[in-house]
Amino acid sequence: MKSQPMDNLVYLEYAVAGIIRYWLINSDYKQTIGDRVEISTSLNSWRKVTEGAYLYSEGINPYVGDNFHETPLGLIVFNKLISHIPQWIGIIFIVCDLVTAHVLYRTAQTFMSELFSRQMRKKEKYAKGTETLLLKQSDLVLPPVYVASAYLFNPYIIFSCVGQTTTVFANLCLAFTFLLMIKGQRIACCSVLALATLQSLYPATLLVPASIYLARAESSSSLEDKQSLRASSCILTVVTFISALLLLLYISSELTGGWEFLHATYGFILNVPDLRPNVGLFWYFFTEMFENFRLLFICVFQINATLLYLVPLTFRLHDEPMLLAASLTALMAVFKSYPSLGDVGFYLALLPMWKHLFNFMQQGFVVGCSFLITSAMGPIVWHLWIYSRSANANFYFGVTLAFATAQIFLVTDILLAYINREFSLYHGLHHKGSGKTTKLVLE
């Protein structure tokens, strides 16, 4: 199958997805969706943005107090939009969402081509009888379409766009980070990653897979000492990222006339002062936490969200930096202090790139049912708690805990499927033991 019909199909999907979003944004459901705690948080709420823009236009520093938590760059841009073209804001959200889908589509195309090329180079090392596990040329066409479709028609993403959350722009930055990373464009990749880090801090962990990807791309095109070349490439990537981030921070301080924004942005993310419910885990624990132990457990939770999984996953997935980046993005969506469904929808859209691993996954049915049940039960339990008062916070946290557990099951299942497939490729699908032919399965 040629790529041109697939491109036409994707463009048709863009049109349909755009129409769905436009209809919802101009419907009576927009306000209801935007007010949902699963969609809007203190960090990405458009209502918070409009309040901050109003304070800024009145000459009041929006970072004094505890009301506005967007970056100064975002403040300036959003203030211009609200002041000059308020009637086009909904269209801008839709366009950004469609651009994100297209960037992910191109990322998936590039990744599948690279994956196939890498497979052909390693084919001689694979065990006999593993031909059924290998990718064929025809297997490279559909996964990018599935990636675009998974983003365009995912309810989590649609609701995030309709609710006009700033997660739409965060996802756009992450999508460009993935594309520029796989394209090997260091300066552009580090700049976009720095912009994403400026907004929500946690994407800084993606510097590791980006460094690995860029170093591998340079070493493969050079005949020099590959170890020293990779080391110098990683150092250069880190320096470029830090320089870009420091430049953005300096520009932000100049725009606001001070550094108060650091406490209102990074300080807010790290200290978790707002304990309104969301789909994350922080709010309930710190509602019940004694104040004497708060600092200790904030450190524990933040390390869990950033560094705890970074080192072991990097050691295991250094040969597959794209899967490493997707895994870190998923873990961010689970363990960050103020997650939303828009964060979850983004990494779910990446999974079709590893469609060849789906046959090795063992928890698909359980994970799928868990996602459906928790997505339906969340609003129900919220209504029982807040409006009917026949439930309490424990009920809603139970749903969010089950939702987080389902995500962890999904991440571990896809990683185990990758390890299982790699093991089968190098050791064969069958093994003789005790005179009988057995099939090797890693569990």
- Gln302 neighbourhood, Cβ < 13 Å, K/R = +1, D/E = -1, net charge +2
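If you count, for each residue, the other Cβ atoms within 10 Å and average over each peptide, how do 159-169, 66-76 line up from highest to lowest?
Details: 159-169: 26.8, 66-76: 20.9.
Final packing ranking: 159-169, 66-76.
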- Message: Multiplying the sequence separation of Ser83 and Ser243 by 0.36 nm and subtracting their Cα-Cα distance, what value in nm do you get?
- Response: 54.4 nm
- Message: Quick check on the chain: helices-only [θ] at 222 nm, where DSSP H runs of length 4 and up contribute -39,500 (n - 2.57) each and the sum goes over total residues. Nearest 500, please.
- Response: -22500 deg cm²/dmol
- Message: Ranking request for peptides 343-350, 410-417: highest mean number of other beta-carbon atoms within 10 Å first, then the rest in descending order.
- Response: 343-350, 410-417
- Item | At R0 = 45 Å, FRET efficiency that the Cβ-Cβ distance of Leu372 and Lys123 yields, to 0.05 | 0.70
- Message: At 7 Å along Cα-to-Cβ for each site, give me the label-to-label distance between Glu114 and Asp66 in nm.
- Response: 4.3 nm
- Taking the Cβ of Ser45 as the center, what net charge do the other residues with Cβ under 13 Å away carry, scoring Lys and Arg +1 and Asp and Glu -1? -1
- Task: Could you calculate the contour length gain from Ser138 to Lys30, that is, 0.36 nm times the residue separation minus the distance between their Cα atoms, to one decimal place in nm?
- Result: 34.8 nm
- Note on the structure: Once both label points are put 7 Å beyond Cα along the C-beta direction, the Trp259-Ala402 separation in nm becomes 4.7 nm
- Task: Treat each spin label as a single point 7 Å out from the Cα along the C-beta direction, and report the Thr287 to Gln227 distance in nm.
- Result: 5.4 nm
- Per-residue accessible area for Leu12 at 1.4 Å probe radius, Å² rounded to 10? 100 Å²
- Message: Compute the distance from the alpha-carbon center of segment 332-398 to that of segment 118-173, in whole Å.
- Response: 20 Å
- Message: Using a 7 Å offset from Cα along Cα-Cβ at Leu384, what residues in segment 393-417 end up with backbone N under 12 Å from the label point?
- Response: 393-399
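Are any of the pairs Lys80/Lys183; Lys48/Lys80; Lys183/Lys336; Lys125/Lys355; Lys128/Lys183 more than 25 Å apart by Cα-Cα distance, and if so, which?
Lys80/Lys183; Lys183/Lys336; Lys128/Lys183
The values are calculated or read from the model by the stated rules, or taken from the named source; none is laboratory data. Small disclaimer: the values here were computed from a predicted structure and weren't measured. Quick reminder, even Gly has a Cβ in these numbers, built from the backbone with ideal geometry, and neighbours come from all protein chains shown. Surface areas here come from the heavy atoms of the whole protein model, side chains and all, with no ligands, DNA or RNA. Shrake-Rupley method; radii C 1.70, N 1.55, O 1.52, S 1.80 Å.
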